[in-house]
1. Which of (1) without any contact (Cβ under 8 Å) to a residue 40 or more places away in the chain; (2) within 28 Å of Val326 (Cα to Cα); (3) surrounded by 19 or more Cβ atoms within 10 Å (Cβ to Cβ) does Lys40 not meet, given it meets every other one?
2. Filter the stretch 283-306 down to residues that are of a type in the set (Gly, Ala, Ser) and assigned to a helix (DSSP H, G or I) and give me whichever is nearest to the ligand (Cβ to nearest atom).
3. In the stretch 213-254, which residue that is among the β-branched types (Val, Ile, Thr) and modelled with pLDDT of 95 or more is farthest from the ligand (Cβ to nearest atom)?
4. Any idea which of (1) farther than 20 Å from Cys277 by Cβ; (2) touching a residue at least 24 places away in the same chain (Cβ under 8 Å) is the one Ala85 doesn't satisfy?
5. Within the stretch 200-212, is even one residue part of a helix (DSSP H, G or I), surrounded by 24 or more Cβ atoms within 10 Å (Cβ to Cβ) and within 16 Å of the ligand (Cβ to nearest atom)?
6. Is at least one residue of the stretch 93-111 more than 27 Å from Ala171 (Cα to Cα), open to solvent by 10 Å² or more (accessible area, probe 1.4 Å) and either within 16 Å of the ligand (Cβ to nearest atom) or in contact with a strand residue (DSSP E or B) (Cβ under 8 Å, 6 or more places away or on another chain) (or both)?
7. How many of the residues making up the stretch 178-199 are outside any loop (DSSP other than H, G, I, E, B) and open to solvent by less than 10 Å² (accessible area, probe 1.4 Å)?
8. For residues in the stretch 213-257 being open to solvent by 20 Å² or more (accessible area, probe 1.4 Å) and of a type in the set (Asp, Glu), which is farthest from the chain's Cα centre (by Cα)?
Amino acid sequence: MVKPAYEIATLPGDGIGPEVVEAAVAVLDAAVGTRGFSLKWQTFDAGAGMFRRTGVVIAPETMAAVGEADAILLGAMGLPDVRTANGTEAAPQLDIRERYQLFASLRPARLFDGVEGVLRRGDVDMLVIRETTEGLFAGRHEPPGDDPDSASNVLTITRATSEKLFELAFAQARLRRAAGHPGKVTLLDKSNVLHSFAFFRSVFDDVAARHPDVESERLYVDAASMLMVLDPGRFDVIVTENQFGDIVSELAAGISGGIGLAPSADVGEGHAVFQPCHGSAPDLVGRGLANPVATILSGAMLLEWLSDRHEDPRAADAATELRAAVAEVLAAGPRTPDLGGSATTDEVTRAIIAALPRS
Ligand code: ATP
């Protein structure tokens, strides 16, 4: 059901997180404009900075409150000099994924006009879907073990999560086909070596059989990684396990203009977190050098998700206009230094707002 105001929880986090979230909030408010609904923002503390001050990465009340919101916008979490007791980075986004069963991360990678791709090999326009609650990362809670000379982690694949993941991939392929893309799903695995991946592939085959109208293929992740560089245009929707997806989605970001442009949506059945793929980039903090586009495009995904869940075409219209404004600014400038420009975060943000039709 449509709402007059959608509650959005923001977790700006560490490093450049607060700078890019501030930019995205300004652009989203401008894109929503006077369409008859608004975004009601509520900001929460979490991450490495909070851990350093309090010893906690996310407060239990914050974890509960973000679950009440209509959507969550996250900046970046973690600082290189802050480590939790087991030596890993403070990563409340992983805790949120697990708490709210956000089983898939949607990571579009598109080479926009005006952005110089490193490959110079034509179109890159794909969606990487990374499983986010199991796979090799499910082992992050395993105790380290007693043997000082070895370490291992279990890789977990379940039928229930894999089916949901693959159904989502085929649904996304259909949506993309309706928008003029090929609508093909490619599974990446390592089923020639690990039986867990042979099982993953068999579940994929079962789901693919339910969608005979959507083209599908299966590739080994190593061969596919080379193909992503040599012939990225052959990929449309890629779906894969957690750790493979972590790596392959950064590869996709790298061939489509870099990490400053790569958005993501971590989705479950009832909740979703939208965030840039990049980290907290401590080297850029406070210098106006952060590219805000990845977070702004994550905001467009947030609007689309609200539109789907609430059958609210106003939010989808705002997302379409926002994407067009981003494309216009990437084509004509101004651009931040990571894209060869000399504009600040703020100048790019203001240019995107100015390119919106209603501003
Ligand atoms: P994480 O592991 O948390 O993803 P990371 O260590 O891989 O983080 P990032 O924080 O993503 O690293 O940053 C890597 C480098 O990429 C930064 O040092 C910075 O130079 C560049 N970078 C990251 N985000 C942006 C951005 N929004 N705009 C411009 N450059 C960026």
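1. Evaluating Lys40 over (1) without any contact (Cβ under 8 Å) to a residue 40 or more places away in the chain; (2) within 28 Å of Val326 (Cα to Cα); (3) surrounded by 19 or more Cβ atoms within 10 Å (Cβ to Cβ) leaves (3) as the failure.
2. Result: Ala294.
3. Among residues in the stretch 213-254 that are among the β-branched types (Val, Ile, Thr) and modelled with pLDDT of 95 or more, the one farthest from the ligand (Cβ to nearest atom) is Val214.
4. It is condition (2) that Ala85 fails.
5. No, there is no match, as no residue in the stretch 200-212 is part of a helix (DSSP H, G or I), surrounded by 24 or more Cβ atoms within 10 Å (Cβ to Cβ) and within 16 Å of the ligand (Cβ to nearest atom).
6. no
7. The number of residues fulfilling the criteria is 6.
8. Asp213
The values are calculated or read from the model by the stated rules, or taken from the named source; none is laboratory data. Note that the structure is predicted; figures quoted are calculated from it, not measured. So basically every Cβ, Gly included, is an ideal-geometry build from the backbone, and we count neighbours across all protein chains shown. For the accessible areas, the whole protein counts, side chains as well, though only heavy atoms, and no ligand, DNA or RNA atoms are used. Shrake-Rupley method; radii C 1.70, N 1.55, O 1.52, S 1.80 Å.
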